[in-house]
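Here's the structure, in structure tokens; my notes come after.
Since every read-out is calculated from the coordinates, none of them should be taken as a lab result. Not measured: the values here are computed from a predicted model. Don't worry about glycine lacking a Cβ; one is built from the backbone with ideal geometry, like all the others, and counts go over all protein chains shown.
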Amino acid sequence: MVTFGIEEEFLLTDPLGSLPSARAADVVEALIPGDGSSLTSTAELLACQVESSTPVCSEAGEAIASLLDFRNRLSEAAAAAGLDVAPTGAAPAMGPGPAVVSATERYQSMGQMTGAVADEHYVNGTHVHVAVPSREEGVHVLNRLRPWFATLGAISTNSPYWQGRDTRFASWRLIQYRRWSIQGCPPFFSGSADYDSRVAKLLATDVVLDSGHVGWVARLSERFPTIEVRVADTQLEARDAVLLALVTRGLVSTALSEEAANVEGSPDTLADPEILDAGLWQAARFGLRGNLLDHGPNGGDLSRAAPEQVAALLDYIRPALEESGDEAFVRTGMAHVLATGTGAQRQREAVRSGGFAALRPLFAASLTAS
């Protein structure tokens, strides 16, 4: 079975004003496991962020247990430090000054080089790693996944608020990320040699510090034998993060099967990059409440209603979901998202009902919801 792992980023906030709190180092130290746990936590670019990484997972239940274990421990450690945890893709509010960058040498260098971009990088993502047999096959998987990144992004939208107001975007994180030197949909690669050559050229510039700074919404991991899909916002609930991981695994498994069978890729795997990037912008703007980029055999229009596009996605990966035993979980989870809304829709509903103060109990309840 194809294995996967999940990374989640969280925002630490001050309970009094719900502003980001630059005390991640204290919380991370308190989270160092003393029980042999294989789930790890680290600081992120900003000193108000904490990141977790699951062990290698094979099943949904295993991943949910890992995420909830960390989320519960994070909630307790933050509370002991007098802080809250916000499982959101972007900080709804922030202080007047620049963000505090974490004290590691790499992050300090990144902060110096990116200037005001890092000063306002109050965004958090869910990164899904899926195992691939080789870098060559991983590159071909990336090519085949390109038309689906916008759909994954729309399903995961959870960052509608920024600087105390509604951005009118479902994912402001995806928009904020566009300011980095390397961003958006990865290009089409002829193979792993082409991938490595083009990354090397990027690293030879003075605006890309290392391979981790190559911020495409999906890329080959340099640390693990995986592809890393980075399009998703941090999710309100652990189950939503696992849903995204299983859908991503289904896409990767489908792509591997097609590659092995020499199935010709969709013409849109070669689509103009501006079309695929416009699809990401569309997904960020509307989430599941509008249209999404349609790359199916319908011809004509390039957009169709989000629920139709989600249905097409599930139909495309159905054999892979059946083989992995994930179909029931994915179909139930996706039906729940379509019925109750993405994280962005749930945040907006909370604010409509109780103002911005209602985000705090929504985040607290969602963080450890099982």
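Between the amide H of THR126 and those of ALA232, ASP233, THR234, distances stay under 5 Å, these residues lying 5 or more places away or on another chain, with hydrogens modeled in the peptide plane.
Here the relative contact order of region 35-142, from alpha carbon pairs under 8 Å that lie six or more residues apart, stands at 24 percent. Rounded to the nearest 500, the helix-only mean residue ellipticity at 222 nm of the chain stands at -14000 deg cm²/dmol, with each DSSP H run of n ≥ 4 adding -39,500 (n - 2.57). Computed packing ranks the peptides 76-83, 229-236, 285-292 as 229-236, 285-292, 76-83, most packed first, by mean other Cβ atoms within 10 Å.
Between the residues PRO319, ASN72, THR248, the greatest Cα displacement towards the positive end of the dipole of the chain, with unit charges on the Cβ of Lys, Arg, Asp and Glu, is found for ASN72. Packing, taken as the mean count of other beta carbons within 10 Å per residue, orders the peptides 172-181, 205-214, 58-67 from highest to lowest as 172-181, 58-67, 205-214.
With K and R counted +1 and D and E -1, the other residues having a Cβ less than 12 Å from that of SER324 yield a net charge of -3.
Backbone geometry of region 68-80 corresponds, through the Karplus equation with coefficients 6.51, -1.76 and 1.60 at θ = phi - 60°, to 3J(HN,Hα) couplings of 5, 4, 5, 4, 5, 5, 5, 4, 5, 5, 5, 4, 5 Hz, x marking Gly and Pro. Rounded to the nearest 5, what % of DSSP beta bridges with both residues in region 4-367 are antiparallel? Among the beta bridges of region 4-367, antiparallel pairing accounts for roughly 95 percent. Phi angles of region 85-101 translate, via the Karplus equation with coefficients 6.51, -1.76, 1.60 and θ = phi - 60°, into HN-Hα couplings of 10, 10, x, 9, x, 8, 5, x, 9, 7, x, x, x, x, 5, 8, 7 Hz per residue; Gly and Pro are given as x. With R₀ set to 25 Å, the beta-carbon distance separating ARG352 from ASN72 gives a calculated FRET efficiency near 0.30. For GLY290, list long-range residues whose amide hydrogen, built 1.01 Å from N in the peptide plane, is under 5 Å from its own amide hydrogen. The answer is ALA306. Distance between the 7 Å Cα→Cβ label points at SER211 and GLU322: 3.7 nm. Phi angles across region 222-230 convert, under the Karplus curve 6.51 cos²θ - 1.76 cosθ + 1.60 with θ = phi - 60°, into 3J(HN,Hα) values of 8, 9, 10, x, 9, 9, 10, 9, 10 Hz, Gly and Pro given as x. This ranking places VAL139, VAL130, VAL56 by how few other beta-carbon atoms lie within 10 Å of each, fewest first, which gives VAL56, VAL139, VAL130. Quarter the surface of the alpha carbon convex hull of region 114-205 and you get the mean projected area, 7.2 square nanometres.
When only the Cβ of Lys, Arg, Asp and Glu is charged (+1, +1, -1, -1), the dipole of the chain relative to its Cα centre reaches about 980 debye. When the square roots of the Cα gyration tensor eigenvalues are ordered a ≥ b ≥ c, the ratio a/c for region 4-367 is under 1.5, which makes its shape rounded.
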